[in-house]
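The values are calculated or read from the model by the stated rules, or taken from the named source; none is laboratory data. Predicted, not measured: the structure shown is a model, and the values here were computed from it. No Cβ is skipped: glycine too gets one built from the backbone with ideal geometry, and neighbour counts run over all protein chains shown.
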Amino acid sequence: MGQGLLDLTGKVVWVTGAGKGLGRAMAQALSGAGATVVLSARSSQDLDDLAGTLRAEGREAHVQPLDVADAAAVRTATERVAEATGRVDGLVNCAGISPSFTRSEDLDDASWEQVIGVNLTGTFHCCREVGRLMLQAGGGSIANVSSVHARSGSARISAYTASKGGVEALTRTLAVEWADRGVRVNTIAPGYFETDLSTPLLGSRHAEGILAKIPLGRVGDPSELGGAAVFLMSDASRYTTGSTLTVDGGWTAW
């Protein structure tokens, strides 16, 4: 395999949840591979900071604030991005939340609906709108960010696990529907990484048990997820669709 297969020069890749954590790290990696990146999150402050850093390095970046749970906002944002860039070759759906760490019998409806609304429905909104552009163009690649918890039970995060399991099922369905029209859809399933989302859990009494289940003996650095995003957005993965790329230090090998 030549290095050219991983070259994203000339491609436009849209990353949601790009303001912090894993989304930010993947956006940086995609930009470093040559892609023009479109950066989305609910707040523009972190996006402007990242875009400024990338532009200072001579790279092209566009900022598009977005609440993925708002279907109309996603539709409008897609129109704006298409107008600004001319096309979207890749989409990484990383926007996600997990605000509750609560036993299921105590989980209220509003918390459940908030997590499902962002993590699952928001992913669908973005896939649907950007997918239409890709189908019209005759090709594209989508990577939906799931979690190792999509396929394993874990206490106190029922809304989160249900949402991520739904993301993986959605991914497989879209892969089947769109394969014959050149659009690939895959999932990236991260394990435990050092992010704002994981900090409360990794700082709790559960941290020791989590680390004990990771054969590499540590949680990941967000930069270590960048290669997965570059691979799935590149020609190196042109025969890969409907798959889940797990990046977890061996956590799910147990």
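Key figures
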quantity	calculated
Hits in the range 215-233 - residues which are surrounded by fewer than 19 Cβ atoms within 10 Å (Cβ to Cβ) and either under 13 Å from residue 194 (Cβ atoms) or polar (S, T, N, Q) (or both)	218, 221, 223, 224
Residue that is surrounded by the fewest Cβ atoms within 10 Å (Cβ to Cβ), among those in the range 60-95 that are of a type in the set (Val, Ile, Thr) and touching a strand residue (DSSP E or B) at 6+ places or on another chain (Cβ under 8 Å)	85
Residue count for the range 172-188, restricted to those that are surrounded by 24 or more Cβ atoms within 10 Å (Cβ to Cβ) and either assigned to a helix (DSSP H, G or I) or among the charged types (D, E, K, R) (or both)	1
Near pairs, Cβ below 8 angstrom, 6+ apart or cross-chain, from the range 49-74 (over 17 Å from residue 96 (Cβ atoms) and in contact (Cβ under 8 Å) with a residue 24 or more places away in the chain) to any residue that is among the charged types (D, E, K, R) and part of a helix (DSSP H, G or I)	50/24; 61/55; 63/48; 64/80
Residue in the range 151-171 that is surrounded by the most Cβ atoms within 10 Å (Cβ to Cβ), counting only those that are in contact (Cβ under 8 Å) with a residue 12 or more places away in the chain and small (Gly, Ala, Ser)	163
Failed condition for residue 98, given (1) of a type in the set (Gly, Ala, Ser); (2) modelled with pLDDT under 95; (3) surrounded by fewer than 18 Cβ atoms within 10 Å (Cβ to Cβ)	(3)
Yes/no for residue 30 being under 17 Å from residue 141 (Cβ atoms) and either aromatic (Phe, Trp, Tyr) or crowded, with 23+ Cβ neighbours inside 10 Å (or both)	yes
Any hit, the range 179-189, residues being in contact (Cβ under 8 Å) with a residue 60 or more places away in the chain, closer than 24 Å to residue 99 by Cα and among the hydroxyl-bearing types (Ser, Thr, Tyr)	no
Scope the range 133-149; condition free of Cβ contacts under 8 Å to residues at least 40 places away in the same chain and either of a type outside the set (S, T, N, Q) or surrounded by 22 or more Cβ atoms within 10 Å (Cβ to Cβ) (or both); matching residues	149
Options 111, 104: the member that is exposed (fewer than 14 other Cβ atoms within 10 Å of the Cβ), of a type in the set (Ser, Thr, Tyr) and out of contact with any Cys (no Cβ under 9 Å at 6 or more places or on another chain)	104
